[in-house]
Amino acid sequence: MERSGWPEEGELVVCTVKKVTDFGAFVELDEYSHKEGLIHISEVASGWVKYIRDHVREGQKIVCKVLYVDTAKHHIDLSLKDVNEHQRREKIQQWKNEQKAEKWIQYVAKVTKTGNEELNILVDLLYERLGSVYSAFEKTRMSGISALTEIGVSKEIAEMIKKVAEENLKKPQVEIAGYVDLTSTLPDGIDHIKDALRAASEANGEDISIDISYTGAPRYRIHVIAPDYKKAESILKKSAQSAIKVIEKKGGTGEFHRYTEQNT
């Protein structure tokens, strides 16, 4: 599924090298209907380039930065040297994600009996409002169909996108940890601590995992896995507070410590 229109100056684009000459390389922009662009030899690499084919070759997949666009003359100037390795890897991953999303959105169109013209309109809308087709699947997986219906996608299509996303995407997860110190000097203090830990482990929720382990008296580690940091932090604090509340009620003491390198 290719984007309509033209890339913007400063944008990173995935290209396929089609022809290498002494003065530069001609490429096709994979994401923009294979529009042609030129990488002048001065934009191939930093410093003096003696043999351009030492840097680019026909058939190679590269990431370039858009320097200049002349839509009237159908001309695009590109730079290869202005893209660092981190940007290159990130853009290639985005491009691969978009390749997967292309297959998914075509499946959605088939199931919902969406014609080619309507599909192209939908894709343009997703690029305009969300930046990519892949983002549509990510957002519905995280936030539900409202992320799409709010921008004009029909409920039927949004529901199918969500269904496909749930079948193909894993929910992102974050892991955080903290420590709770629990003490009791009473004869049955160990039982009170067990009650406190039991209360801490019950402070869970949807898509939440809590693991509590003993690290050495009087410290216990609370490890939380959640879809996002906000929810993880909330559950971690709730878990620790539940334990502290129980142990204090039974005459003991409790104190929470957020994880830091010094805690390990």
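The values are calculated or read from the model by the stated rules, or taken from the named source; none is laboratory data. On a predicted model such as this, the values are computed, not experimentally measured, just so you know. Every residue, glycine as well, gets a Cβ built from its backbone with ideal geometry; the counts of neighbours run over all protein chains shown.
Elements of the type helices (runs of 4 or more DSSP H) sitting completely within the range 134-236 and holding at least 1 residues that are at pLDDT below 90 and touching a strand residue (DSSP E or B) at 6+ places or on another chain (Cβ under 6 Å): these cover 189-201.
The test for being β-branched (Val, Ile, Thr), surrounded by fewer than 18 Cβ atoms within 10 Å (Cβ to Cβ) and at pLDDT 95 or above does not hold for residue 71. Only one of the numbered conditions (1) in contact (Cβ under 8 Å) with a residue 24 or more places away in the chain; (2) of a type outside the set (D, E, K, R); (3) in contact with a helix residue (DSSP H, G or I) (Cβ under 9 Å, 6 or more places away or on another chain) is violated by residue 135, and that is (1). Note on the range 32-81: among residues that are of a type in the set (Gly, Ala, Ser) and within 32 Å of the chain's Cα centre (by Cα), the one that is nearest to residue 20 (Cα to Cα) is 59. Are any of the residues in the range 88-96 surrounded by fewer than 18 Cβ atoms within 10 Å (Cβ to Cβ), touching a strand residue (DSSP E or B) at 6+ places or on another chain (Cβ under 8 Å) and without any contact (Cβ under 8 Å) to a residue 40 or more places away in the chain? Looking through the range 88-96, at least one residue is surrounded by fewer than 18 Cβ atoms within 10 Å (Cβ to Cβ), touching a strand residue (DSSP E or B) at 6+ places or on another chain (Cβ under 8 Å) and without any contact (Cβ under 8 Å) to a residue 40 or more places away in the chain. The set of residues from the range 145-198 being of a type in the set (Gly, Ala, Ser) and more than 30 Å from residue 242 (Cβ to Cβ) comprises 146, 147, 152, 154, 158, 165.
Of all residues in the range 102-114, those that are in contact (Cβ under 8 Å) with a residue 60 or more places away in the chain have Cβ atoms under 6 Å from Cβ atoms of residues that are of a type in the set (A, V, I, L, M) and outside any helix (DSSP H, G or I), 6 or more apart or on another chain, in 102/1. Entry remark, the range 206-241: residues being small (Gly, Ala, Ser) and surrounded by fewer than 19 Cβ atoms within 10 Å (Cβ to Cβ) number 5 in total.
Among the residues of the range 110-125, is any within 19 Å of the chain's Cα centre (by Cα), in a helix (DSSP H, G or I) and of a type in the set (A, V, I, L, M, F, W, C)? No, the range 110-125 contains no residue that is within 19 Å of the chain's Cα centre (by Cα), in a helix (DSSP H, G or I) and of a type in the set (A, V, I, L, M, F, W, C).
Provide a single number: the residues in the range 18-43 that are among the hydroxyl-bearing types (Ser, Thr, Tyr) and touching a helix residue (DSSP H, G or I) at 6+ places or on another chain (Cβ under 9 Å).
The initial filter retains those residues of the range 18-43 that are among the hydroxyl-bearing types (Ser, Thr, Tyr), namely 21, 32-33, 42.
Still in the list and also touching a helix residue (DSSP H, G or I) at 6+ places or on another chain (Cβ under 9 Å): 21.
Matching residues across the range 18-43 total 1.
Every condition in (1) over 25 Å from the mean Cα position of the chain (by Cα); (2) over 13 Å from residue 76 (Cα atoms); (3) buried (at least 20 other Cβ atoms within 10 Å of the Cβ) holds for residue 21 except the one numbered (3). The selection criterion, being in contact with a strand residue (DSSP E or B) (Cβ under 6 Å, 6 or more places away or on another chain), surrounded by 13 or more Cβ atoms within 10 Å (Cβ to Cβ) and closer than 30 Å to residue 115 by Cβ, does not hold for residue 40.
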